[in-house]
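Before any comments, here is the structure.
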Ligand code: PMP
């Protein structure tokens, strides 16, 4: 990733990709306190457009607020910077990664005096969970690792430290040949994937876990809104893993994963074992929205200019 052409917005300036470096004593590298975002830009008839830029930027600032990291830039600057990196890297579509981290002024756990830095990179990134996954669905296994408890980590923040738990879960199941992990909360209820929210369909209703221990996904919120517009009832509630086994359909949502059907959990086939009709309908509407073909949600898109 480091050795390539392009530019990265780094503390207010566009820096050549290979020179966007930071010191090995950077505090965040040692203790894991940092916050970040992941956004996608899609190709529309009017050019590249970032999906839900405002909401992702709000979540980034909320994450920093939760961790008491003082953002050195205002939201307008960070939003413009995200548009600029897409534009200046000549991307028609791609993934955008803003990250907020502490500087290298001191070691030790007191972070109050450290500088706060912001970097934003963007690159071309295709389907996250495998080339055909959006159509064929994926095989998922419940991880032995529990999702963060609300009083162990801050579940509303998208923080660097959260992802060690995600990586442990993902690598555990990937080594057994599955595409993605499902994590349960500390009481054993379904929480989310390693980098996705989860939905199931049963008798025409969409169910998703409440927001206690999963990330407040922006794709999740978009899918709920689209489902309600289609007249599909949506219920947020505690879900058990055997409810997923017996669901008619299941899918993951996320910026990277978009809407990925789940065809199997813990070796139990879900529904027909392939992308189900409601998943197909929601996926198709979602892609029409993100690509600007359906203008009902044009406010979700920000043209990079
Ligand atoms: N949960 C986790 C743990 C994630 O990493 C992500 C990806 N950001 C999501 C859910 C989905 O969030 P969003 O739809 O905002 O990308």
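Structure values in brief
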{"read-out": "Centre separation in Å (Cα based) which lies between the range 228-290 and the range 113-152", "value": "18 Å"}
{"read-out": "Length-normalised contact order for the chain - Cα pairs under 8 Å, 6+ apart - percent", "value": "19 percent"}
{"read-out": "Peptide ranges 116-122, 101-107, 258-264, 234-240 listed from the most packed, as the mean C-beta count within 10 angstrom indicates", "value": "258-264, 116-122, 101-107, 234-240"}
{"read-out": "Fraction of alpha-carbon pairs over 18 Å apart in the range 154-224 - percent", "value": "41 percent"}
{"read-out": "Between 0 and 90°, nearest 10: helix 162-174 axis offset from the chain longest Cα axis", "value": "50 degrees"}
{"read-out": "Cα-based equivalent ellipsoid, the range 7-123: semi-axes from gyration tensor eigenvalues, Å", "value": "27, 16, 10"}
{"read-out": "Under the Debye formula (equal points on every Cα, no solvent term), log10 I(q)/I(0) of the range 10-65 at q = 0.23 Å⁻¹", "value": "-1.10"}
{"read-out": "At 1.567 mPa s and 4 °C, Stokes D of the range 133-290 from Kirkwood alpha-carbon radius, µm² per second", "value": "85 µm²/s"}
{"read-out": "Residue-averaged [θ]222 nm for the chain, counting only DSSP H segments that reach four residues, each worth -39500 (n - 2.57)", "value": "-8000 deg cm²/dmol"}
{"read-out": "Principal-axis tilt of helix 75-88 within the chain, Cα atoms, nearest 10 degrees", "value": "90 degrees"}
{"read-out": "Ranked packing of 275-285, 4-14, most packed first, by mean Cβ within 10 Å", "value": "275-285, 4-14"}
{"read-out": "Mean separation of Cα contacts under 8 Å (6+ apart) over length of the range 56-189, as relative contact order %", "value": "24 percent"}
{"read-out": "Computed over the range 100-201, Kirkwood Rh from alpha-carbon pairs, angstrom", "value": "16.0 Å"}
{"read-out": "Crossing angle, helix 53-66 versus the chain [Cα axis fit, 0-90 degrees, rounded to tens]", "value": "70 degrees"}
{"read-out": "P(r) histogram, all alpha-carbon pairs of the chain included - 10 Å bins from 0, percent", "value": "6, 27, 34, 25, 8, 1"}
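No value in this document is a laboratory result; all are computed from the given coordinates. Computed from a predicted structure; not experimentally measured. Virtual Cβ from ideal backbone geometry, glycine too; neighbours counted across all protein chains shown.
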